[in-house]
Amino acid sequence: TKRKGKNPLKHTEVFCSIPSRSLLSPSYYHSFGITENYVVFLEQPFKLDILKMATAYMRGVSWASCMSFHREDKTYIHIIDQRTRKPVLTKFYTDPMVVFHHVNAYEEGDCILFDVISYEDSSLYQLFYLANLNQDFEENSRLTSVPTLKRFAIPLHMDKNAEVGSNLIKVASTRATALKEKDDQVYCQPEVLYEGLELPRINYAHNGKPYRYVFAAEVQWSPIPTQIIKYDILTKSSLKWCEECCWPAEPLFVPAPDAKDEDDGVILSAIISTDPQKLPFLLILDARSFTELARASVDVEMHLDLHGLFVPDADWDTGKQTPSEKQGVGEPQSPTGLIVPGWGHGKNDI
């Protein structure tokens, strides 16, 4: 919002422009990935119909009704070089999907690895119409696809002599593939890491860098989270917290002041209960063992929250933080100084 007549966009600039594949149906997006040198942007087949939106007021409908999922289309993966501020020329694509949240992205060897939570359709979006948000929401809300943690691999350099159909990914840390096709297009097939989680958080000192742990809410066929999960990308194992009648909000990772390991800290989550006799509470877990350290109940009515933000005390000792944390927790030190402050939770969420 404007304050005292100041323009909130005064100090912003256009970093890069990517022409939409359809001028009248631009792709919806909620977040993007960022590494030390690149930005990862997904042009997904979940689109906004501009003509319908232009007439929405006259027709008495919301702009949200002007969005639709085109399962016959592809998902295009745009890679922007931060040093040139231009997209790389190679055309990457994958199967149709809907992505709200990027988890993290980083460079390894001669490729970019990026992790997202993806859906096979837009059923989650449809569930949040007011007509569906009634007292029977828990029983009647059902997704038609499970949110899935997927890892994609993007080769940074094309081997012109590679045969059509060959895998261009050579790093051993992932089973994701990038298959060369005719006309130098590349079809990317992800590695499925875990099915049934959303609202991902990480230790943002590792944003844009190699990392190991994802903290998230476990979600299956219903959008209502019932568990908090810590997923280990390296071992493919997980730790969970749950309690009867409890709905947890997005878990926030807060590093210990003298943290040395990636999971050295605590997890914060606001919990509400379907039991009217049980007060909502703030849950505090040991991020390493996922055991409960404490909880603080509050005697107020509280709704199920999606996102949260931990604001450190003004006396927080920045001298003990890593270089990336001094710049802004979770913001990689890119060569262009591109900083994405985010909205609510993930640093790269818009």
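The values are calculated or read from the model by the stated rules, or taken from the named source; none is laboratory data. Treat the numbers as computed from the prediction; the structure is a model and nothing was measured. Here Cβ is always computed from backbone atoms with ideal geometry, including for glycine, and neighbour counts include all displayed protein chains. Just so you know, the surface numbers come from the protein's heavy atoms only, side chains and all, with ligands and any DNA or RNA stripped out. Shrake-Rupley method; radii C 1.70, N 1.55, O 1.52, S 1.80 Å.
Here is a check on your reading of the model: is I80 out of contact with any Leu (no Cβ under 8 Å at 6 or more places or on another chain), open to solvent by less than 20 Å² (accessible area, probe 1.4 Å) and more than 20 Å from F46 (Cβ to Cβ)?
Yes: the conditions hold for I80.
Residues checked against (1) within 21 Å of the chain's Cα centre (by Cα); (2) buried (at least 22 other Cβ atoms within 10 Å of the Cβ):
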{"residue": "P8", "(1), (2)": "no, no"}
{"residue": "H11", "(1), (2)": "no, no"}
{"residue": "C16", "(1), (2)": "yes, no"}
{"residue": "P19", "(1), (2)": "no, no"}
{"residue": "S22", "(1), (2)": "no, no"}
{"residue": "S27", "(1), (2)": "yes, no"}
{"residue": "F32", "(1), (2)": "yes, no"}
{"residue": "Y38", "(1), (2)": "yes, yes"}
Exactly one condition in (1) without any contact (Cβ under 8 Å) to a residue 24 or more places away in the chain; (2) touching a strand residue (DSSP E or B) at 6+ places or on another chain (Cβ under 6 Å) is not met by F41; state its number.
-> (1)
Reported set for segment 180-196 where residues are in a strand (DSSP E or B) and under 30 Å from I224 (Cα atoms) is Q189, E191, V192, L193, Y194, E195
Evaluate the following for L179: is it surrounded by 14 or more Cβ atoms within 10 Å (Cβ to Cβ), of a type in the set (A, V, I, L, M), within 26 Å of V98 (Cβ to Cβ) and free of Cβ contacts under 8 Å to residues at least 24 places away in the same chain?
-> yes
Among residues of segment 119-130 being under 16 Å from the mean Cα position of the chain (by Cα) and free of Cβ contacts under 8 Å to residues at least 60 places away in the same chain, the residue least open to solvent (accessible area, probe 1.4 Å) is Y119
Conditions: (1) under 20 Å from the mean Cα position of the chain (by Cα); (2) free of Cβ contacts under 8 Å to residues at least 12 places away in the same chain. A294 meets all but one. Number of the miss?
-> (1)
Could you tell me which numbered condition L199 fails, if it satisfies all but one of (1) of a type outside the set (V, I, T); (2) under 15 Å from D305 (Cβ atoms); (3) not in a strand (DSSP E or B)?
-> (3)
